[in-house]
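For reference, the structure is listed below as structure tokens.
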Amino acid sequence: MTTSRLARRLLRPPGVYAPQLDTRLLLGALRQEHLVGGAELLDVGTGTGALALSAARRGARVTALDVSHRAVLTARLNARRSRLRVRVLHGDMASLADLTWDLVVSNPPYVPSPRARVPARGPARAWDAGPDGRAVLDTVCDGAADALRPGGVLLLVHSALCGTDATLRKLEGSGLRAAVHRRAVAPYGPVLRSRLPWLRENGLVTDEQPGEELVVIRAVRV
């Protein structure tokens, strides 16, 4: 299913991150994973619930998380409209620290921002992630090993502007076996276009770059 087709089928009110290329990349990676009957999956930063619903259609037992109350309501409504059983909760990985999963997927906010603090509300909360873009990404990396069962898999998408090698080092440092699973280059969207002078000044992009590289990291708890 294309991203545009997926987006048309889901409720996506203002302030909730709509499925885009990063969603499609992560969906493609998720479809390659073997979900045995009853596999338990955690979707961190679910947004509209696109990833959670895809996994539920394949028989996974899905829990979806988001720090946005609006996103939680949206994902619940999309699950109900799709007649799929998905548990959608308000919170982050720390709120479920005592539980483990067969698969964790996440499309966290990852856009570098001139603002030092992550927004507490508003649409930018879905993408702004501090000056290096890692404010939320690092919390997912830090919690992944404890959230996965032996043999469990993390699928994580983010921009290469955040530092792909930094993500791999952090995951491997926690005992996971990690590698880049998928890559794609997309034209700069409106947010990044508006920040290009700041991004260039801080060495995050160059004039030669045709767009933003997105990566899906796959990490396994061995």
**Item:** Test set (1) surrounded by 14 or more Cβ atoms within 10 Å (Cβ to Cβ); (2) on the phi < 0 side of the Ramachandran plot - Gly163 fails condition number
**Value:** (2)
**Prompt:** Taking helices (runs of 4 or more DSSP H) that fall entirely within the range 109-222, which contain at least 3 residues that are under 20 Å from Arg24 (Cβ atoms) and at pLDDT below 95?
**Reply:** 190-194
**Message:** Condition check: among the aliphatic types (A, V, I, L, M) and in contact with a Gly (Cβ under 7 Å, 6 or more places away or on another chain). Does Ala18 satisfy that?
**Reply:** no
**Request:** Report whether or not Thr100 is at pLDDT 95 or above, crowded, with 18+ Cβ neighbours inside 10 Å, more than 19 Å from Arg9 (Cβ to Cβ) and polar (S, T, N, Q).
**Result:** no
**Message:** Among the residues of the range 21-34, are any free of Cβ contacts under 8 Å to residues at least 40 places away in the same chain and within 20 Å of Ala126 (Cα to Cα)?
**Reply:** yes
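Scan the range 36-64 for residues that are in a loop (DSSP other than H, G, I, E, B) and buried (at least 18 other Cβ atoms within 10 Å of the Cβ) and jot them down.
Ala39, Gly45, Thr46, Gly47, Thr48, Gly49, Ala60
May I ask you to say which residue of Ala7, Ala18, Ala29 is outside any loop (DSSP other than H, G, I, E, B) and either modelled with pLDDT under 95 or more than 16 Å from the chain's Cα centre (by Cα) (or both)?
Every option except Ala7 fails the conditions.
The values are calculated or read from the model by the stated rules, or taken from the named source; none is laboratory data. Quick caveat: nothing in here was measured; it's all calculated off a predicted structure. Here Cβ is always computed from backbone atoms with ideal geometry, including for glycine, and neighbour counts include all displayed protein chains.
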